[in-house]
1. Just the number please: accessible area per residue for the chain, 1.4 Å probe, all protein chains included, in Å².
2. Answer with a single label: of (i) 19.4; (ii) 18.0; (iii) 16.6, which was calculated as Kirkwood radius over Cα pairs in Å from the structure in view?
3. Nearest 10 degrees is fine. How inclined is helix 20-62 to the longest principal axis of the chain, computing both from alpha carbons?
4. If I compute solvent accessible area with a 1.4 Å probe over the protein chains, what percent of it on the chain is carbon and sulfur?
5. Among Leu18, Gly2, Tyr45, which residue has its Cα positioned farthest towards the positive end of the charge dipole of the chain, with +1 placed on the Cβ of Lys and Arg, -1 on the Cβ of Asp and Glu, and the dipole taken about the Cα centre?
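The values are calculated or read from the model by the stated rules, or taken from the named source; none is laboratory data. Note that the coordinates shown come from a computational prediction; the quantities given were computed from them, not determined experimentally. Cβ coordinates were reconstructed from backbone atoms using ideal geometry, including for glycine residues, and neighbour counts include every protein chain displayed. For accessibility, only protein heavy atoms count, side chains too; no ligands or nucleic acids. Shrake-Rupley method; radii C 1.70, N 1.55, O 1.52, S 1.80 Å.
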Amino acid sequence: MGTSLFKANYGYKLIILLTLWQAIKTNEIAKERVEILINLHKNLYKTLKLVQERIKKYYNFKKSKGLDLKEGDKV
C-alpha cells in the first residue's frame, strides 16, 4: 500500500478541516496581508536609503581634512 509523504515524515495522516469557502476567504486575507507586507517593505527600504544618504553627508562633512599647514610652519 502507498503511504503519503506527510505520513511517512510525521507519522500521522494529515486531516484538512477547511471547507472551500474557508479556503477562499483565507486566501483573500493572505493576499491582503502580502500586499501590506510588500508596501511596508518598500517604505522601510526608502527610509533606510534616506537615512544612509544623510549619514553619508554628515560623515563627509565632519570628516577631518587634515591640518592646515603651510611650508615653514612650526610643527
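1. I get 112 Å² per residue for this part.
2. (i)
3. 10 degrees
4. Values: 5090 of 8360 Å².
Here carbon and sulfur together make up 61 percent of the probe-accessible area.
5. Result: Tyr45, furthest along the dipole toward the positive end.
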